[in-house]
Structures are given as structure tokens and as C-alpha cells.
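The values are calculated or read from the model by the stated rules, or taken from the named source; none is laboratory data. Source: prediction; values computed, not measured. Methodologically, a virtual Cβ is constructed for each residue, glycine included, from the backbone with ideal geometry; neighbour enumeration extends over all protein chains shown.
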Amino acid sequence: MSQGQDVGFIHSAVFVDSEEELCRSMAESAFEGLELSEEVIITADRDRRRRIASLLGDRTHQVRFDEADSRYSTPRSAMHGLVKMLGDRRRRVRSIGEVRPGKDRHSEWIRYEAALNEVLTGRPVTGVCFYDTRLLSDHTRASMEETHPCRGAISPWEGSDAFRPPQDVVTDFPPRRIHPRREPDLLLTDVSELRPVRAAAADMAPPSRADDAALVVHELTAMALADASVVPEIRMWSEPDRVAVQIISASDSFADPFAGLRPARPHGNNVALWIAGQLADDFAVARTGPVSEATVVFVEDR
Amino acid sequence: MGRVLSHENSATGRRHACWGYGDEEDFWHRVGDFVQEGVDAGDRVVTMAAARVGSPPARDAQPRQVIRMGVEDFQRNGGVPGWTSRLRRMVGDALNDGFAGLRLIADATPIATSAQLRELLPWELQLGRLASEYSMRVVCALQSSAVDKELSVDLASLHDVVEGAVPLPLATIRLTSDGLSVKGELDSTNGDLFEAALAETTGDVTIEMSGVDFMDVGSMRVLRRFVMETENTGRSVTLSSIPDSVTRCWPLLEGVS
């Protein structure tokens, strides 16, 4: 695969097994990006930034560094950070960073990497994703190979035989469901009005999250009502420090495999899932036959 | 009197009220009270209705203190622009004639049943602004059974006070000297009204939002579009006291173009 301004999204994985190799390879990729007049952004923690800067030398000031902890705290925050970073840039961007799936969220990170292929299609972005094989299980490594069409830190980008279309990958890694453990404190049935629903969500949420809960629940309910005249059920659970709301749609309204990871289209109708993913502390969607559900949790700010 | 939603203008204590009445007797009874209150307060009082007579004369009214006009005066005198400047002159005349201010009670039912919101919106916004800037108290009366309910709610949104048999609006929108002031909740039921009101602003504009309790994504998009399109024309837009939820959600709407 060749490098060029009109190629669209290039998504490449690099597997390393030492910090030295990782930093050297990141610097090598950065140098190429600078030579190609790309805007180069490296996401790394402070120690790694120092090591890479020593390799970049007097070209360090031409590279932008982002803090790894905030950018890669969760897949949803990583997607938001990426979208915000890209903005409406016309110049090609090269984003270089290490993703650490960890044990608890590896399937969410796999979904994130798959979603990038969907979300950034056609955008002038080169995403070079580094993985430390010492921290990956074989299973996770194999999944990451499936989510990156290319291999390597610099061009020519080596095509990956393991790559699978994003919709196929997310089928193997469906989003987890949120299962509240008790009966809801409030059950609304045959809902057709939005105002009482958002008022209820605000009332049951901790005060610091009342506004976000009202907005997200309003938008998800509105999304479900766009497909059917009533929403069969809305369930709410309230604890002193949190609220959980589950909206059951009469149709497959919420059955987006990339729910929460797909940024809002300027005039599109997926904004509810996007803002739910960004504003809620926890968010999950599920489909059961012809119906679908969306569950959001808001936790008190501390 | 019924439910009252107040958006009191604290600067002058004057109000622009929307009042829903049941029948003619109800209307003329209120007119009588309104006129007497105005006379007692030393204001010049103007009544505007389909019939020029209908309420008994006010006690102790001075010469030319109470003026009765027909609805056809509004329709004949140039619509919104004509009446906006005419009202300014009427306030000035009242003050020059030694009265404390001007009060107007108008039966807006014939106008509301023959015009659409887009024609009435500029009038009500300008009337509200005049009431806040001058010594005016205005009551716009609507016969609840004759005016479309949705239009009634939209019109009520453009008033400081809603009284009587008019459904309470979710939000109130006022034109101010430097832009727009919005209170209450904005969602799909009043998003079009919000957009139309924004379009009535001129020059550099401040949108005051300290009283906004809720704003859905659709309304945020309306506001974003207004900000971008307005600033492209060289005008400045200031968003004052944006709710925290809007501040958090706004960057999320930029999306991927």
C-alpha cells in the first residue's frame, strides 16, 4: 500500500517487545510523517516523551505530544479525543500511540479499533497503533491484527492478511450488557412524552449529574420514539451516588454495533448514542430479537 | 386568574402578558379592571378590540386618558414596522401629556386567527422589547376556544407573563436591547420558535441563557448554526450563562465532517 494525500485512512499495527524498540519505531514513524509534511501527534506518558524527544533531536518541536493517561483512559474517551484532535483538518495527520487493552476492557478496545476503520474511512489520517506484546494475550494480539488493515510503522505499509471488516469483528465482540441486580425503583410504560421522562431522570440522578442524565435520557427516548409511537418501557434505578436508566425500544433503534463510538454526524440521527457514550459513566446497548435496549449510568461527581 | 408563569422584567416592573379568556363577557370584565387600574395609576390606557365599546367608562378618568381603538387600526397601519414606531410615539405622547406611562390591552384573537406565527412572531418580540424599554404594560388577549392551541403556546412563549386559559409554554423568549433572553426548556416542541426568534435579532447579539433549565440537542444545533452563520456575516454572538450541560455537550456535536 502506498502513502499519499488521497489514500484516506491508513490504520497500521506495530507489535514490539521492548520499550527501546517501541520508542525507536515511534520516532522513525514520526520522522517519516514530518518528511511528508504531515501533522504528527504522539500520545505518550512523560517518560516516554523524553525518550522519543531525545531520538527526534531538533525536530522535537515539530511534533505535538498528547498525554497518554487522559487520551487512552477509555475507548470512548479515546474516540472523542481523536475526533476532537482531527477537527476539520485538511492536512494529513499522523497519530502515533500505544494502546494497552488491559484485562478488563480488551474487548472494548478491540471494538474501538474496529470502529476506527468505520469512522475514519476516507479521512486523511494515518493511525500507527503500537502494542507491547509482553502485555498482550495471544487472543488479544490476534484480535488486534484483525482490526488493522496494515502492519508497520512506516511506508510502504504491509497489508495484513488477518484483517477483517469492522462489522464482522464487532459481531465477535458484542458490547457487554449492564444488568441491574434488582427491580427498578421507577417503571414507566408506554411512554410517548419526553418531558416527564427527562424530569424523572433528573430527579433520580445525583444532583451533580442531573443535567447530563436528563439530556441523555431525553435523547435516547426521542431516538426510540422516532421509530415507534411509544417506548414500551423505561426503567430507573436510583442509589445515593448514581442512577441507572434503561430504555427499551420497540424496534432496533439502538442496535448500532458501534454505539457510543461513532461520532455524531452533523445532520445525522445517531447523536443520542454518541452523547450517551461520552456523557454517561457507563453505557451499553443490546438487541434481543426485534427490540433493543440502551442502558446508561451516571455516577456522582467527586 | 388562572396559572401564572412569570418572566417579570425586574428593570422596570412592567410586563408583557398573554392572557387567555373564555368569552366576551370575560374579556370586557378584564378590560374594565385593566382600564381602571391604569387610570388609578396615572397611565394612559389604550384598548384595542373588535368592538370599540364594551366596558363601562373608568371612574375619574382624565380627558384623553382612555383611548379605544379597533383591531382594524393594527391591520391598516403598516403591520409590525408601522405599529412598532407608532407605539413608541404613543408612549412619548402619553408622557408628554403628563401621564405616568402607557398601558395597552388588545384582543389579539382576530389577528391570531388570520395570521401565522411567522407574521406574529416579530410583532410580539418587538412589543415585548418595547414594554421592557419604555413605561409600558401590555396585555395580549386570546380567546382560548378560537385560537389554535399550538399557536397559543408559541405566542405565550413570547410573553413575560402567561395568565388564564392559555397552556403554559415550556420556555419564554424575549427580545432584549442587545439580543435575546431565553428561560425554561427548549426541545422539539419549541425549537422552530427558538430558531425564528434568533432570526429576528440584528447587529451584534447576546443570547442570555441563565434561565434555561433544559436544552435538547436539536436546539443546541439550532444555536450552533445561528452562531456560525451570524459570525460569518461579521456580527458577533455572545452566549451568556450557558447551562453546564450545554457546555459539555456542545463540543460533542462537532462530529466528523
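Here are a few things to note about the model shown:
- Residue match in the stretch B:126-147 (condition: hydroxyl-bearing (S, T, Y) and either under 27 Å from A:H218 (Cβ atoms) or modelled with pLDDT of 95 or more (or both)): no
- Checking B:P251 against (1) within 10 Å of chain A (Cβ to nearest Cβ); (2) at pLDDT 90 or above; (3) assigned to a helix (DSSP H, G or I), the condition it does not meet: (2)
- Condition check for A:A202: touching a residue at least 60 places away in the same chain (Cβ under 8 Å), under 30 Å from A:A244 (Cα atoms) and either surrounded by fewer than 21 Cβ atoms within 10 Å (Cβ to Cβ) or out of contact with any Leu (no Cβ under 6 Å at 6 or more places or on another chain) (or both): no
- Looking only at the stretch A:198-224, residues that are more than 24 Å from A:A264 (Cα to Cα), facing chain B (nearest Cβ under 10 Å) and either in contact with a Ser or Thr (Cβ under 6 Å, 6 or more places away or on another chain) or of a type outside the set (S, T, Y) (or both) come to 1 in all.
- Subset of the stretch A:267-302 [within 14 Å of chain B (Cβ to nearest Cβ), surrounded by fewer than 22 Cβ atoms within 10 Å (Cβ to Cβ) and under 20 Å from A:V169 (Cβ atoms)]: A:N270
- Checked against (1) over 26 Å from the mean Cα position of the chain (by Cα); (2) of a type in the set (V, I, T); (3) within 16 Å of A:Y131 (Cα to Cα), A:T60 passes all but a single condition, namely (3).
- In the stretch A:247-256, the residue that is farthest from the other protein chains (Cβ to nearest Cβ) out of those that are among the polar types (S, T, N, Q) and crowded, with 24+ Cβ neighbours inside 10 Å is A:S249.
- Scope the stretch A:95-127; condition surrounded by fewer than 18 Cβ atoms within 10 Å (Cβ to Cβ) and under 19 Å from A:L273 (Cα atoms); matching residues: A:E118
- Taking helices (runs of 4 or more DSSP H) as the structural unit, those lying wholly within the stretch A:96-197 and holding at least 1 residues that are more than 18 Å from the chain's Cα centre (by Cα) correspond to A:138-146.
- Among the residues listed as B:L186, B:L253, B:L151, the single one being closer than 24 Å to B:A108 by Cα, touching a residue at least 12 places away in the same chain (Cβ under 8 Å) and in contact with a helix residue (DSSP H, G or I) (Cβ under 7 Å, 6 or more places away or on another chain): B:L151
- Residue check for B:S188: assigned to a loop (DSSP other than H, G, I, E, B) and either closer than 21 Å to A:P196 by Cα or away from chain A (no Cβ under 14 Å) (or both): yes
- Residue match in the stretch B:174-183 (condition: aliphatic (A, V, I, L, M), at pLDDT 95 or above and crowded, with 20+ Cβ neighbours inside 10 Å): yes
- Residues in the stretch A:15-27 that are farther than 22 Å from A:L86 by Cα and either touching a Gly at 6+ places or on another chain (Cβ under 8 Å) or in a helix (DSSP H, G or I) (or both): A:E19, A:E20, A:E21, A:L22, A:C23, A:R24, A:S25.
- Note on the stretch A:59-94: among residues that are outside any helix (DSSP H, G or I) and within 14 Å of chain B (Cβ to nearest Cβ), the one that is surrounded by the most Cβ atoms within 10 Å (Cβ to Cβ) is A:V93.
- Considering residues of the stretch B:223-248 that are assigned to a strand (DSSP E or B) and surrounded by fewer than 16 Cβ atoms within 10 Å (Cβ to Cβ) only, the residue farthest from the other protein chains (Cβ to nearest Cβ): B:T238
- The single residue among A:L194, A:L215 that is surrounded by 15 or more Cβ atoms within 10 Å (Cβ to Cβ), more than 23 Å from A:D241 (Cα to Cα) and modelled with pLDDT of 95 or more turns out to be A:L194.
- For the stretch B:154-166, the candidate set comprises residues that are in contact with a helix residue (DSSP H, G or I) (Cβ under 8 Å, 6 or more places away or on another chain) and in a helix (DSSP H, G or I); within that set, the residue that is farthest from B:R15 (Cα to Cα) is B:D154.
- Matching residues, the stretch B:98-145, being buried (at least 23 other Cβ atoms within 10 Å of the Cβ) and on the phi > 0 side of the Ramachandran plot: none
- Scanning the stretch A:34-58 for residues that are outside any helix (DSSP H, G or I) and loosely packed, with under 15 Cβ neighbours inside 10 Å yields A:S37, A:D45.
- Selection within the stretch A:225-246 - of a type in the set (A, V, I, L, M), away from every other protein chain (no Cβ under 14 Å) and over 23 Å from B:D213 (Cα atoms): A:A228, A:V230, A:V231
Table: residues versus (1) touching a Phe, Trp or Tyr at 6+ places or on another chain (Cβ under 6 Å); (2) touching a residue at least 60 places away in the same chain (Cβ under 8 Å); (3) at positive phi.
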residue: A:G152; (1), (2), (3): no, yes, yes
residue: A:W157; (1), (2), (3): no, yes, no
residue: A:D168; (1), (2), (3): no, no, no
residue: A:D172; (1), (2), (3): no, no, no
residue: A:P175; (1), (2), (3): no, yes, no
residue: A:H179; (1), (2), (3): no, no, no
residue: A:E183; (1), (2), (3): no, no, no
residue: A:L186; (1), (2), (3): no, no, no
residue: A:T189; (1), (2), (3): no, no, no
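- Some residue of the stretch A:257-266 being away from chain B (no Cβ under 13 Å) and crowded, with 22+ Cβ neighbours inside 10 Å: yes
- In the stretch A:128-154, the residues that are modelled with pLDDT of 95 or more and small (G, A, S): A:G152, A:A153
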